[in-house]
Amino acid sequence: MNNDRKMISYENIFIIIFSIYEIYNLLNITMFYEYLPQSMTVVFLVLAIGLVALRLVYNTKCSYIEFAWTISILFSMLVISYLSGYRGIVIIFCFIIAAQNMSMDRIVRTYFRISFIIMSITILAAKLEIIENVVWSSSTTGIVRYGFGYIYPTDFVSCIFFLVCAYIFLKREEKFSFFSFAVMLGIAYVTYSFCNTRLDSLCIAIAAFTYMFLKIRKEKPISKIWRRISYFSIPLFAGLSIWTTMQYRTSNPFMLGLNVLLSSRLYYGKQGIQRYGFSLFGQYVAMRGHSVKSEGVVSDFFYLDCSYLNIALRYGIVCLIIVCALLVFFMHIQYKKEDRVVPAIIILIGLNSMIAHHLFDGYTNIFLFVVLANTSFGDERRSRIRLPKISIKHRKQNIF
């Protein structure tokens, strides 16, 4: 026996399982999906629930508020999963709960490395024709869109957008870099030129200017007015996007023009509301997009791109309220730490989510998984639930 063996921390166990989840799901939106098993939901469900159980075991000072909050959220998600048929929602919220009190930097850094490596391998594999580099072209407009090894151009550029957001977070303590700023703008231009992804390319450009603005304002105090306004941003984005979709009429020239600008998102959103209606705990919504994997799912194209409407119709109003509340709470916690970077990133992601559907995709939107990181509920001085502690040993302290 070696006396240098150390106890495996819960954080290391989380990072291992989280990394497996990220690797699988990020590869699953590339053309490598053909080589992956497509029935991993049960495996990740068991692992995610196991993480929550482990967190309660490792955290021997679990407060009553924390314990009650965990059970309430899990129960709500199980009800939504049962009624809608979407098992992934339980996995997402288990990861959110499991990440509580962990290092946000470590989770985001792990995500950044995994996503960047997978993207680099995918682009190289597509160029070397190891996997197919699918190209979409329009006979009416003549626009050609390249997937660069991903199942659809918007999935590729969306991953870049969230990588840029993660980069801004990880570099928040460093000085302004004109090189980084120029690279972000260059990426926005290149992705628009080759992928014609107007929204995500524009958001990457906005992220570049947000990065510059945050560096300029770094030493200045955060405005109380801006704090209060930002708290309403996510609920406002959600309400405005859903209300606009509900108000869509073909007889209204303005709405008709807006629908064309948004690539028929208002039309399909209104169709979704009329077909399925709103519910508290969600329902199954059959969708088929333009990606390679969508072939043969349903007869006609139908996709809910707006994240807020997507969540409201598929997972229910309760889920939408919880997601919005968590993001607002996340901003509040970061403001208390005098952090202006994370709230700015959340607002940018919230704006992007009015049109794109990636807000609830934890494997791309890493900031959804860390809303409770570095956060503790309850008062340390109050009574706590005492749970048994376990010891698992290995020879190395740091795995990643």
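The values are calculated or read from the model by the stated rules, or taken from the named source; none is laboratory data. Being a predicted model, the structure only gives us computed values, none of them experimental. Backbone-built Cβ (ideal geometry, glycine too); neighbour counts: all protein chains shown.
Here are some residues: Phe169, Phe161. Which one is modelled with pLDDT of 95 or more and touching an Asp or Glu at 6+ places or on another chain (Cβ under 7 Å)?
On the way: Phe169 fails: touching an Asp or Glu at 6+ places or on another chain (Cβ under 7 Å).
From the options Phe169, Phe161, the qualifying one is Phe161.
For segment 79-91, state whether one or more residues are under 17 Å from the mean Cα position of the chain (by Cα), charged (D, E, K, R) and not in a helix (DSSP H, G or I).
Initially, segment 79-91 is screened for residues under 17 Å from the mean Cα position of the chain (by Cα), giving 86-91.
Those left that are additionally charged (D, E, K, R): 87.
After this cut, where a residue has to be not in a helix (DSSP H, G or I) as well, the list is 87.
The answer is yes, given that some residue of segment 79-91 is under 17 Å from the mean Cα position of the chain (by Cα), charged (D, E, K, R) and not in a helix (DSSP H, G or I).
Among the candidates Tyr231, Tyr308, Tyr303, single out the residue that is within 20 Å of the chain's Cα centre (by Cα) and at pLDDT below 90. Please lay out each step first, then the result.
Details: Tyr231 fails: at pLDDT below 90; Tyr308 fails: at pLDDT below 90.
Selected residue: Tyr303, the only one of Tyr231, Tyr308, Tyr303 that is within 20 Å of the chain's Cα centre (by Cα) and at pLDDT below 90.
Taking the criterion of being within 27 Å of Leu163 (Cβ to Cβ) and of a type in the set (A, V, I, L, M), the residues of segment 208-239 that qualify are Ala208, Met212, Leu214, Ile216, Ile222, Ile234, Leu236, Ala238.
For segment 249-291, name all the residues that are in a loop (DSSP other than H, G, I, E, B) and among the aliphatic types (A, V, I, L, M). Walk me through how you get there before you give the answer.
Keep residues of segment 249-291 that are in a loop (DSSP other than H, G, I, E, B), which gives 249-252, 262-264, 277-287, 289-291.
Once the filter is applied, which keeps residues that are in a loop (DSSP other than H, G, I, E, B) and among the aliphatic types (A, V, I, L, M), segment 249-291 yields Leu262, Leu280, Val285, Ala286, Met287.
Within segment 90-114, the residues that satisfy the criterion of being polar (S, T, N, Q) and within 29 Å of Gly316 (Cβ to Cβ) are Gln100, Asn101. Small (Gly, Ala, Ser), loosely packed, with under 12 Cβ neighbours inside 10 Å and either closer than 25 Å to Ala325 by Cα or modelled with pLDDT under 95 (or both): is that true of Ser193 in this structure? Yes.
Only one entry of Leu368, Leu359 meets the criterion of being within 25 Å of Leu258 (Cβ to Cβ), touching a Phe, Trp or Tyr at 6+ places or on another chain (Cβ under 8 Å), in contact (Cβ under 8 Å) with a residue 24 or more places away in the chain and not in a loop (DSSP other than H, G, I, E, B), and that entry is Leu359.
Per this entry, Tyr58 is not counted among residues that are more than 19 Å from the chain's Cα centre (by Cα), over 24 Å from Phe281 (Cβ atoms), surrounded by 15 or more Cβ atoms within 10 Å (Cβ to Cβ) and modelled with pLDDT of 85 or more. Would you confirm whether or not segment 202-219 contains a residue that is in contact (Cβ under 8 Å) with a residue 12 or more places away in the chain, more than 22 Å from Lys171 (Cα to Cα) and touching a helix residue (DSSP H, G or I) at 6+ places or on another chain (Cβ under 6 Å)? No, that holds for no residue.
In this structure, does Thr110 turn out to be assigned to a helix (DSSP H, G or I) and at pLDDT below 95? In short, no. Return the total of residues in segment 331-341 being of a type in the set (A, V, I, L, M, F, W, C) and within 11 Å of Ser230 (Cβ to Cβ). So the count comes out to 1.
Among the residues of segment 337-356, those that are assigned to a loop (DSSP other than H, G, I, E, B) and touching a residue at least 60 places away in the same chain (Cβ under 8 Å) comprise Glu338, Asp339, Arg340, Ser353, Met354, Ile355, Ala356. For segment 50-58, state whether one or more residues are touching a Phe, Trp or Tyr at 6+ places or on another chain (Cβ under 9 Å) and either assigned to a loop (DSSP other than H, G, I, E, B) or basic (Lys, Arg) (or both). Yes: one or more hits. Here Gly282 clears all of (1) surrounded by fewer than 19 Cβ atoms within 10 Å (Cβ to Cβ); (2) more than 22 Å from Lys336 (Cβ to Cβ); (3) of a type in the set (Gly, Ala, Ser) except the condition numbered (1). If only one of Leu26, Leu47 is under 21 Å from Ile71 (Cα atoms) and at pLDDT 90 or above, which one is it? Going through Leu26, Leu47 in turn, just one is under 21 Å from Ile71 (Cα atoms) and at pLDDT 90 or above: Leu47.
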